Amino acid sequence: MRIPPRVLAVDDEPLMRMTVLHRLRELGYEVETASSVEDAMDRLDRQPFDLLLTDFEIEDGDGLDLSRYARTVQQGIKVIILTGSPERFDEDAALRAGVDAILHKPCPLSAIAERADAVMQGLRGPGGPRSQRS
């Protein structure tokens, strides 16, 4: 029996959290959500996750800091960052922080699901850096 990958989806927008939660669950992922960096860090401290899917801009912090933290407490965790602020987002810094993939909002939910599958299978996006504009 295959154990479903565990995902922590972090976004301060309730609709985005719920949409991602339902879509990834439909695909067989076990998903938990967090609405803040503080809540996400607490969850990362208490239980293992295979994938962190986080917004770049979160009310109480940012996704890069969260991804760095996740990498220190959970070796091997994969990280996808969603950003709606390309002018304030430094892709090189994200890659140095260990981010596995970057998606630019708005993007279709299918792109998030496809990227999650690709990252969990160890694949990289086409065209160089692990960034995808949809």
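Among the residues of the stretch 88-109, which ones are part of a helix (DSSP H, G or I) and either touching a Cys at 6+ places or on another chain (Cβ under 8 Å) or farther than 23 Å from R71 by Cβ (or both)? Before you say what the answer is, go through the steps one by one.
The first filter runs over the stretch 88-109 and keeps only residues part of a helix (DSSP H, G or I), leaving 88, 91-96, 109.
The one that is part of a helix (DSSP H, G or I) and either touching a Cys at 6+ places or on another chain (Cβ under 8 Å) or farther than 23 Å from R71 by Cβ (or both): L109.
Okay, residues lined up against (1) among the polar types (S, T, N, Q); (2) at pLDDT below 95:
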residue: L27; (1), (2): no, yes
residue: E32; (1), (2): no, no
residue: S36; (1), (2): yes, no
residue: A40; (1), (2): no, no
residue: L44; (1), (2): no, no
residue: P48; (1), (2): no, no
residue: L51; (1), (2): no, no
residue: G61; (1), (2): no, yes
residue: D65; (1), (2): no, yes
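Can you confirm whether the stretch 41-54 contains a residue that is β-branched (V, I, T) and under 10 Å from the mean Cα position of the chain (by Cα)? Walk me through it before giving the result.
Narrowing the stretch 41-54 to residues β-branched (V, I, T): 54.
Filter once more, keeping what is under 10 Å from the mean Cα position of the chain (by Cα): 54.
Yes.
Select from the stretch 57-87 the residues that are among the aliphatic types (A, V, I, L, M), within 12 Å of the chain's Cα centre (by Cα) and part of a helix (DSSP H, G or I) and list them in ascending order. Steps first, answer last, please.
Initial filter on the stretch 57-87 (among the aliphatic types (A, V, I, L, M)): 58, 64, 66, 70, 73, 77, 79-82.
Keeping just the survivors that are within 12 Å of the chain's Cα centre (by Cα) gives 64, 66, 70, 77, 79-82.
Listed by number, the residues that qualify are L64, L66, A70.
Can you go through D50, D45, D60, D12 and tell me which one is farther than 19 Å from R115 by Cβ, acidic (D, E) and surrounded by 15 or more Cβ atoms within 10 Å (Cβ to Cβ)?
D12
The values are calculated or read from the model by the stated rules, or taken from the named source; none is laboratory data. The structure presented is a predicted model; accordingly, all values stated were derived computationally and were not measured. Cβ: placed from backbone, ideal geometry, glycine included. Neighbour counts: every protein chain shown.
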